[in-house]
Every structure is written in C-alpha cells, then in structure tokens.
Amino acid sequence: MTAYCTPQDLIDRFGQAEIAQLAPALLGQVDTARVQRACNDAGDLVDGYLRPRYALPLSAVPTILVKLSAAIARFELHQGENRTPTDQVRQDRDYSIAFLKDVAAGKADLGITNTGAEPVEDATAVRFKPGTTGIANEDLGAYRWGGPL
C-alpha cells in the first residue's frame, strides 16, 4: 500500500475548510486518520494502474502522481454520509483515472524509468539545441575540420 498524497497535500490543494468539512474532527480540525485512509485507498487504485509498467514501490514519486491521487482521495472523501461528489470533483477523479489508464497502456509517461526511478542523463547522448532544425553551421565546421564540438 502506497499513499502518493498526504492529508496535508489535500489541505494544500483543496483548502482546510473543505477537508475539515469532509473529514471533521473537533473544533473545525481535520480527522487526519480518515483523510489518510482516503489517501491510502487512492494510492491502492493508482498502484493498480502502475503495476503493469513500473516496479513498485516507486523510488521517486512524480508530482503528477500527487495531483492525481489527491483528486481521487478527494472524491473518496466526498462520498458517504449523505454527500455526493460535485461535478468538478467527479471530473477531476475521472481525468485522473483516464490519465492512469493512458499510463498503463503506454500512451502517457510519468517521466520515470520502469524501475520507478528518475531517468539518468546519458553524457554520451546526442543533444540538440532548442529551436534548431539540425546541425548548426559552427558544429558542422568543427566536425569537418576535426575541431572540438
């Protein structure tokens, strides 16, 4: 079980008032145990989509996973006790799941390797300058005359 977001992430993204209303404790505080349970449930759902492509647990958690799992956890908190999720909350959850399906299908990328780590830059890789359409003249001249690139 991996939680990709924390109760504080939900408070930071959606506000203390909303999270306290969804998971109330005494004096307007947040029932962090209930919010953590929603975060854990969201993490389990995320893992279900990531498991086919990535070794879990991930060694680096991309920011996009925090955002997606927070939206799913928020949806979970909006259910029950005579509450129904708003259209926006439902759309955010649906977007998150659609993106996770794309990740599982190989149509979207999290910016990490299959082992769950951030990719390491290869010093021997070919690099291009942004905005160029090919090899710059000064680089071509250096190549032709054996000079440094």
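Matching residues to (1) in contact with an Asp or Glu (Cβ under 7 Å, 6 or more places away or on another chain); (2) assigned to a helix (DSSP H, G or I); (3) closer than 16 Å to Val66 by Cα:
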residue	(1), (2), (3)
Thr2	yes, no, yes
Leu27	no, yes, no
Val35	no, yes, yes
Asp41	yes, yes, yes
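Selection of segment 23-81 for residues being in contact with a Gly (Cβ under 8 Å, 6 or more places away or on another chain) and over 15 Å from Thr6 (Cα atoms) yields Arg53, Tyr54, Ala55, Leu56, Pro57, Leu58, Ser59, Ala60.
Conditions tested, residue by residue: (1) within 18 Å of Asp109 (Cα to Cα); (2) surrounded by 14 or more Cβ atoms within 10 Å (Cβ to Cβ); (3) in contact with a Cys (Cβ under 8 Å, 6 or more places away or on another chain).
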| residue | (1), (2), (3) |
| --- | --- |
| Leu50 | yes, yes, no |
| Pro62 | yes, yes, no |
| Arg74 | no, yes, no |
| His78 | no, yes, no |
| Gln91 | no, no, no |
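Those residues that are under 17 Å from the mean Cα position of the chain (by Cα), at pLDDT 95 or above and under 29 Å from Ala33 (Cα atoms), I need them from segment 90-120; list them, please. Across segment 90-120, the qualifying residues are Gln91, Asp92, Arg93, Asp94, Tyr95, Ser96, Ile97, Ala98, Phe99, Leu100, Lys101.
Scanning segment 19-43 for residues that are closer than 13 Å to Leu77 by Cβ and in contact (Cβ under 8 Å) with a residue 40 or more places away in the chain returns Ile19, Leu22, Ala23, Arg34, Val35.
Here Ser96 does not qualify as under 19 Å from Ala3 (Cα atoms), in contact with a Cys (Cβ under 6 Å, 6 or more places away or on another chain) and surrounded by 12 or more Cβ atoms within 10 Å (Cβ to Cβ).
On the basis of being out of contact with any His (no Cβ under 8 Å at 6 or more places or on another chain), modelled with pLDDT under 95 and among the hydrophobic types (A, V, I, L, M, F, W, C), does Ala55 make the cut? Yes, satisfied. When residues in segment 4-17 are screened for being buried (at least 17 other Cβ atoms within 10 Å of the Cβ) and more than 16 Å from Val66 (Cα to Cα), 0 of them pass.
The values are calculated or read from the model by the stated rules, or taken from the named source; none is laboratory data. Computed from a predicted model, the values in this text were never measured in an experiment. Note: ideal-geometry Cβ built from the backbone for every residue, glycine included; neighbour counts use all protein chains shown.
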